[in-house]
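Trainee: Below is one structure. I have some questions about it.
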């Protein structure tokens with residue numbers, strides 16, 4: 001029998017194990033303080049609420065919750081999401097709202113539907129690593145979209161679109177993963193105008209938009225250029241990642257093809273998680289739960305920023321996000337953050353080196369720190385250990 005290597009499709013040459021997942025394996029030791037994964041705080045999970053909802057769902061409509069369901073998603077959840085999207089300024093019909101097995105599935109299916117080998121795909125630089133993993137199998141040519149302290153630069157996008165035929169654009173405008181930056185209103189307006197002018201298609205990934213701890217909400221790009229944007233969100237950060245529920249508002253032609261692709265992938269997303277989420281949204285639990293989550297994460301963000309100021313003030317610079325789960329740290333260019341990572345593991349603290357979020361080989365002196373999954377009382381200790389690791393490498 002031939003080895004598996006002789007049987008693999010050529011597309012697997014671009015498929016690699018998740019760098020973050022591999023890093024997280026190292027952090028499973030109970031004595032490591034992890035600033036690595038983008039994990040919600042377990043103590044924020046609404047366990048009692050979900051218990052009550054499960055009982056209600058299984059008493060009132062057990063067949064719908066346990067039977068096969070429509071590929072588009074359960075009707076009650078989609079209707080709840082139509083109303084929820086309207087609160088975000090997104091006008092959508094029921095046909096345009098679809099439910100998926102995590103937002104990661106949407107990215108994979110969009111790649112399957114839209115990207116041929118060698119097609120140009122524009123991604124923020126740096127960008128969400130999971131998006132790259134979803135698209136890599138379809139062998140795109142990535143064009144990095146330059147960013148600055150205010151996020152993605154509209155003029156740079158226009159220049160890219162003027163010079164290249166682009167199949168897809170991907171961005172995380174709110175509290176971006178990995179940098180924590182948020183695109184301001186004027187930049188969003190400029191990007192919307194550019195999308196319409198060049199008839200371009202943007203995937204607006206918004207898993208963190210409701211996790212705002214200060215400042216004011218900014219309208220979605222989808223609300224400004226509805227025919228040119230696929231709006232993507234998730235229940236992972238506001239309810240539970242274990243439910244594996246993502247949802248999308250897409251132009252009708254794209255949503256129709258997404259349903260066809262999903263039918264070939266998994267028929268439909270689990271009915272019981274959808275039924276739970278439908279009651280969670282329609283029953284008014286989401287807003288009450290979010291107030292608890294925001295209070296918790298607000299304290300943790302303040303704690304990590306205070307610790308950075310205390311221990312890294314003369315060594316590094318960092319973003320000061322108004323929400324989300326991440327702080328982006330930039331070290332002096334002579335330092336390699338991956339080398340710092342291994343020193344940090346020796347000191348029992350972990351993070352994600354920033355180079356994994358870039359498509360052009362840069363970012364060696366950057367790192368992503370997650371604060372949502374570490375108690376505020378221990379964030380100071382984690383940053384102190386990290387500072388020691390940086391000094392080890394610098395020495």
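The values are calculated or read from the model by the stated rules, or taken from the named source; none is laboratory data. Note that the structure is predicted; figures quoted are calculated from it, not measured. FYI the Cβ positions are ideal-geometry reconstructions off the backbone, even for glycines, and counts take in every protein chain you see.
Trainee: Looking at the range 329-336, can you tell me whether even one residue there is outside any helix (DSSP H, G or I), assigned by TED's automatic domain parsing to the domain that holds residue 389 and either closer than 30 Å to residue 73 by Cβ or within 22 Å of the chain's Cα centre (by Cα) (or both)?
Mentor: Scanning the range 329-336, I find at least one residue that is outside any helix (DSSP H, G or I), assigned by TED's automatic domain parsing to the domain that holds residue 389 and either closer than 30 Å to residue 73 by Cβ or within 22 Å of the chain's Cα centre (by Cα) (or both), so the answer is yes.
Trainee: Taking only pairs six or more apart or across chains, which ones have beta-carbon atoms under 7 Å, a first residue in the range 79-105 that is assigned by TED's automatic domain parsing to the domain that holds residue 220 and free of Cβ contacts under 8 Å to residues at least 24 places away in the same chain, and a second residue that is in a strand (DSSP E or B) and crowded, with 21+ Cβ neighbours inside 10 Å?
Mentor: As it stands, the answer is 82/97, since those pairs meet every condition given.
Trainee: Pick from the range 100-124 the residues that are under 24 Å from residue 154 (Cα atoms) and in contact with a helix residue (DSSP H, G or I) (Cβ under 8 Å, 6 or more places away or on another chain): which of them is surrounded by the most Cβ atoms within 10 Å (Cβ to Cβ)?
Mentor: 110
Trainee: Does residue 35 satisfy the criteria of being within 26 Å of the chain's Cα centre (by Cα), surrounded by fewer than 18 Cβ atoms within 10 Å (Cβ to Cβ) and assigned by TED's automatic domain parsing to the domain that holds residue 382?
Mentor: It is false that residue 35 is within 26 Å of the chain's Cα centre (by Cα), surrounded by fewer than 18 Cβ atoms within 10 Å (Cβ to Cβ) and assigned by TED's automatic domain parsing to the domain that holds residue 382.
Trainee: Oh, and also: Please specify each residue of the range 153-171 satisfying the condition of being farther than 24 Å from residue 117 by Cα and assigned to a loop (DSSP other than H, G, I, E, B).
Mentor: Residue satisfying the conditions is 153 alone.
Trainee: Can you find a residue that is farther than 26 Å from residue 330 by Cα, over 21 Å from the mean Cα position of the chain (by Cα), modelled with pLDDT of 95 or more and part of a helix (DSSP H, G or I) anywhere in the range 196-219?
Mentor: Yes, the range 196-219 contains a residue that is farther than 26 Å from residue 330 by Cα, over 21 Å from the mean Cα position of the chain (by Cα), modelled with pLDDT of 95 or more and part of a helix (DSSP H, G or I).
Trainee: Residues that are surrounded by fewer than 24 Cβ atoms within 10 Å (Cβ to Cβ), part of a loop (DSSP other than H, G, I, E, B) and within 14 Å of the chain's Cα centre (by Cα): does the range 136-152 have at least one?
Mentor: There is no residue in the range 136-152 that is surrounded by fewer than 24 Cβ atoms within 10 Å (Cβ to Cβ), part of a loop (DSSP other than H, G, I, E, B) and within 14 Å of the chain's Cα centre (by Cα).
To keep it simple, each residue is scored yes or no on (1) outside the structural domain of residue 373 (by TED's automatic domain parsing); (2) modelled with pLDDT of 95 or more; (3) touching a helix residue (DSSP H, G or I) at 6+ places or on another chain (Cβ under 8 Å); (4) within 19 Å of residue 172 (Cβ to Cβ).
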position: 225; (1), (2), (3), (4): yes, yes, yes, yes
position: 231; (1), (2), (3), (4): yes, yes, yes, yes
position: 245; (1), (2), (3), (4): yes, yes, yes, yes
position: 250; (1), (2), (3), (4): yes, yes, yes, yes
position: 259; (1), (2), (3), (4): yes, yes, no, no
position: 262; (1), (2), (3), (4): yes, yes, yes, no
position: 275; (1), (2), (3), (4): yes, yes, yes, no
position: 278; (1), (2), (3), (4): yes, yes, yes, no
